1. Report, by residue number, each residue of region 94-122 that is of a type in the set (A, V, I, L, M, F, W, C), surrounded by fewer than 16 Cβ atoms within 10 Å (Cβ to Cβ) and out of contact with any helix residue (DSSP H, G or I) (no Cβ under 6 Å at 6 or more places or on another chain).
2. Can you work out which of the residues in region 33-58 that are of a type in the set (A, V, I, L, M, F, W, C) and at pLDDT below 85 is farthest from Ala112 (Cα to Cα)?
3. Please find, among Lys57, Lys77, Lys107, Lys87, the residue that is in contact (Cβ under 8 Å) with a residue 24 or more places away in the chain, basic (Lys, Arg) and closer than 26 Å to Tyr38 by Cβ.
4. Residues in region 13-32: is at least one at pLDDT below 90, surrounded by 13 or more Cβ atoms within 10 Å (Cβ to Cβ) and outside any helix (DSSP H, G or I)?
5. Glu69 is checked against (1) at pLDDT 95 or above; (2) within 20 Å of the chain's Cα centre (by Cα); (3) closer than 19 Å to Met1 by Cβ and fails just one. What number does that condition carry?
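The values are calculated or read from the model by the stated rules, or taken from the named source; none is laboratory data. Everything numeric here is computed off the predicted structure, so don't read it as measured data. Positions of Cβ are generated from backbone atoms using ideal geometry, with glycine treated the same way; all protein chains shown enter the neighbour counts.
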Amino acid sequence: MDKKTLTELTKKLEEEKKLLENDLLQFTDKDKKIPDDYDTRFPNLWERSSSTDENAKEIETYEGLLAIEYALELRLKEVNEALDKIKNNNYGLCEKCGKNIELTRLKANTAAKTCLKCSNKK
């Protein structure tokens, strides 16, 4: 991979990382003990709710936020792994077969771990 393309993909990864971290901080707190881990804040929709319906809505909202947190953390982990691979000069290599990941695939998913052929194997 040429330097210009690698720089372009690195920039995309760094931008995505910032977006993911900003999205996470909208409803979570960064865990001080575990790197790249976030803890969803329990939404207090009503200051002192005593209604069962209001409590159920808070729990439902919290469960939805937990799912979003998980998905964002997973993607952030993939992005960070890709940035580490760039630093270690092994970015763009398929984790299964060791061949180069197609450039079109990397442009579509900068954190891709496998080539197209290996990603279709079951």
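1. Looking only at region 94-122, we keep the residues that are of a type in the set (A, V, I, L, M, F, W, C), and these are 94, 97, 101, 103, 106, 108, 111-112, 115-116, 118.
Keeping just the survivors that are surrounded by fewer than 16 Cβ atoms within 10 Å (Cβ to Cβ) gives 97, 103, 108, 116, 118.
Matches in region 94-122: Leu103, Ala108, Cys118.
2. Initial filter on region 33-58 (of a type in the set (A, V, I, L, M, F, W, C)): 34, 42, 45-46, 56.
In the following step, the residues that additionally are at pLDDT below 85 were identified as 45-46, 56.
On the way: Leu45: 38, Trp46: 42, Ala56: 39 Å.
Here the answer is Trp46.
3. Values: Lys57 fails: in contact (Cβ under 8 Å) with a residue 24 or more places away in the chain; Lys107 fails: closer than 26 Å to Tyr38 by Cβ; Lys87 fails: in contact (Cβ under 8 Å) with a residue 24 or more places away in the chain.
When all the criteria are applied, what remains is Lys77.
4. Checked against the condition, which is being at pLDDT below 90, surrounded by 13 or more Cβ atoms within 10 Å (Cβ to Cβ) and outside any helix (DSSP H, G or I), region 13-32 yields no hits at all.
5. (3) is the only condition that Glu69 fails.
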